[in-house]
């Protein structure tokens, strides 16, 4: 049993600044699975309720503005593209381009939030929110629809905000050089997360807006 | 420092000192011990609650507490035992302590995330406690949080739900960490089928943690939304469906049973070969049956709801699948027994616990089939029979697996030996008390004693009294076992590196292990259970 080598435990902390890229990416993919399962629970409730109250869902969906929904879909799709482009840029060592593209992505996330703000605001002005008196007197299926609408888009909104924060952190890390041509794991994982935000919306949009 | 190391080599316990070095350490072994102390503390307090409930039932009528207190007690007992003790238990404690060593790695894949999961766990546990003592009433819904009661009860249900959500998140991150660790950090030469079987069981467990826990997470969030925003998914007055809640809840909570039991199976699978000095019988079937249990276990949740209103076809379907899970479990039991057959069996405390694990688990498993069959389930649903069944599985299975694990790895963890005779005595008391406590509940359950009642018909007097006596004996056994371990963790004789003549990697390094586990990452050239004796050839 050697005694000198036990003192070398500092080597450990020196390594941990950069996690091996394959390992880190695998962790992220697994985390994304859990996110999908998290939303999966809501999709199950949606499926059950829609099969029970198909007609009410149709009626309630007429209240949603498909134009704003479609705009937000395009916004998120484009933002997914820009975040992917920024990753290619950092791999080609084009720091400023990468930062610009992420900045643009965050800007699009902002546009999404503003649209959502107007949508929610409109619903609230009509007293269409869970627990309101108007809502309580609607047919059962419509109550379920709006409950799902708020919970699903609300949880998605929370993910948009988290994604935005993550992208902001990435900008700062690119600036400080901690994300660079060799080490871009966080950048890649952030982009993966952003794609998930986009992906979930791709399912939410038709299920909520396009069933009229 | 060098003078000191020449006499006693530094290890993970003493290479850094001070409370902060423990609270901020991302060393998997230290995190494992933090979990260990937390979980044992919670286990003992919830065990006291269990004892109090049993004392209440020593005689018919109100004995020491009111009905409302009793309801709060079984809720707290359930929440602590399930979410804080049993689900994280073996994976977080012994998974953290032993998994990286057993696969020849220096740590888990994401050490900092590991520490973060611990604090999430700790925060969730504190929140669960807080929900009991904050303003208002302690939750009285039972650990299952069934709607509509959980959506309407005036007690602190939201806090308890948030606690369960947080604990679930910690569990997800631990599972994620273990999957990536097992995929990417096995020592060179350690192929999948050269990996010891405890890591295999942790691997299956981790997948369940990862894929099932988010579902309960969102379900608990929906109940919170139900209470705070009145969305009404589970409220029939608004068009919702309470049975839907039960589906969503059990989609997670049944697989969670396998999160509890699979690592315990993994532990005893390590113990049988070591104390028989013989390779494990049927390595590949054991490894794959873990995955089979994880997979099939995902599709049996409906058997909790045979009386809740389900179609004939779905009851038939879930009953069939429930019976199918018994097959991989039975494969394991067969393999453990065959491993001992013809080996040089050394009846040390870990093996005693492992053998009683088989005994109790088998009783729990067979009564599980009674519950899985639709006709008999309707007879015994919501009776003490169910309570006895899952205590045989969870306490007799996971609990005894945990005790087996601590008696097996104790010399490795602390570098000290416990007192063998006292460990055996503790085991004897514990085992006797356990059966006295729970076996009468099977009989009373068949006779119609409902679960979760603080009072009972005088005709159950005899069985209830035996059960209470069993609870007291069980508690004495716990104290005997734990005091033996606590005392000898500091004062015991120094343990050699390999006191049990095990052959897996953790026995090839010093006790306690050095901070970095291995001076040099080992290269694996053979399977995990190759003993240096005639059986190997």
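What is the mean number of Cβ atoms from other protein chains located within 10 Å of the Cβ atom of each residue in peptide B:220-229, rounded to a whole number? All intermediate terms of the calculation are to be shown ahead of the outcome.
Numbers: counts 1, 5, 5, 0, 0, 6, 2, 0, 2, 7.
Average per residue, whole number: 3.
Relative to the longest principal axis of the Cα atoms of chain A, the long axis of helix A:185-209 lies at roughly 10 degrees.
Efficiency by 1/(1 + (r/R0)^6): what FRET value for residue B:323 and residue B:64, r their Cβ-Cβ distance, R0 = 45 Å, to the nearest 0.05? Given R0 = 45 Å and the Cβ-Cβ separation, E is 0.60.
For chain B, what is the calculated [θ] at 222 nm in deg cm²/dmol (nearest 500), taking -39500 (n - 2.57) for each run of four or more DSSP H residues and dividing by its residue count?
On the way: 19 runs with 346 residues, N = 537.
My calculation for chain B gives -22000 deg cm²/dmol from helical runs alone.
So the label point goes 7 Å from the Cα of residue A:136 along Cα→C-beta, right? Which residues of region B:151-188 then have their backbone N under 18 Å from it? Those under the cut-off are B:151-153. At q = 0.05, 0.11 Å⁻¹, what log₁₀ I(q)/I(0) does a Debye calculation on the Cα points of the protein assembly as shown give, no solvent, two decimals? For the requested q values the scattering log ratios are -0.27, -1.27. Shape analysis of region B:1-108 based on the Cα gyration tensor places the equivalent ellipsoid semi-axes at 41, 15, 11 Å, largest first. The tail of the calculated P(r) for region A:41-209 beyond 23 Å holds 46 percent of all Cα-Cα pairs.
Other protein chain C-beta atoms within 10 Å of residue C-beta, averaged over A:29-42: 6.
What number, in percent, do you get for the relative contact order of region A:128-212 if the mean sequence gap of Cα pairs under 8 Å and at least 6 apart is divided by its residue count?
Details: 37 pairs, mean separation 22.7, N = 85.
Taking the mean separation of contacting Cα pairs over the length of region A:128-212, I get 27 percent.
Taking the longest Cα principal axis of chain B as reference, the axis of helix B:28-56 is set at about 40 degrees.
What ranking do B:26-32, B:448-454 get when scored by the average of other Cβ atoms within 10 Å per residue, highest first?
Values: B:26-32: 23.6, B:448-454: 16.7.
Highest mean packing first, the order is B:26-32, B:448-454.
Counting beta carbons within 10 Å around each of B:434, B:116, B:357, B:518 and listing the fewest first gives the order B:116, B:518, B:434, B:357. Taking 7 Å steps out from each Cα toward its Cβ at residue B:508 and residue B:491 produces label points 3.7 nm apart. Averaging Cα coordinates gives a centre for region B:446-500 and one for region B:30-49; these two points are 16 Å apart. Need one number for chain B: average projected area of the convex hull over its C-alpha atoms, nm². Computed as one quarter of the Cα hull surface, the answer is 24.8 nm². Computed on chain B, with alpha-carbon pairs under 8 angstrom and 6+ residues apart, the relative contact order is 18 percent.
Based on every Cα atom in region A:124-212, Rg and the maximum pairwise Cα distance Dmax equal 18.7, 59 Å.
Computed from Cα positions, the angle between helix B:67-79 and the longest principal axis of chain B comes to roughly 30 degrees. When the scattering of region B:158-223 is computed by the Debye formula from its Cα atoms alone, each counted once and equally, what is log10 I(q)/I(0) at q = 0.14, 0.25 Å⁻¹? Taking Cα atoms of region B:158-223 as identical point scatterers yields -0.49, -0.99.
Calculate the all-directions average of the projected area of region B:74-196's alpha-carbon convex hull, and give it in nm². Mind showing how you got there, number by number?
Details: hull surface 32.9 nm².
Average of the hull's projected areas for region B:74-196 equals 8.2 nm².
Between residue B:299 and residue A:212, what FRET efficiency follows from the Cβ-Cβ distance if R0 is 30 Å, with the result rounded to 0.05?
It comes to 0.30.
Structural descriptor for chain A: relative contact order 33 percent, calculated from alpha carbon pairs under 8 angstrom and at least 6 residues apart.
Just so you know, all these numbers are worked out from the coordinates, no wet-lab data involved. These figures come from a predicted structure and were not determined experimentally. Note that we place each Cβ from the backbone using ideal geometry, even for glycine, and neighbour counts take in every protein chain shown.
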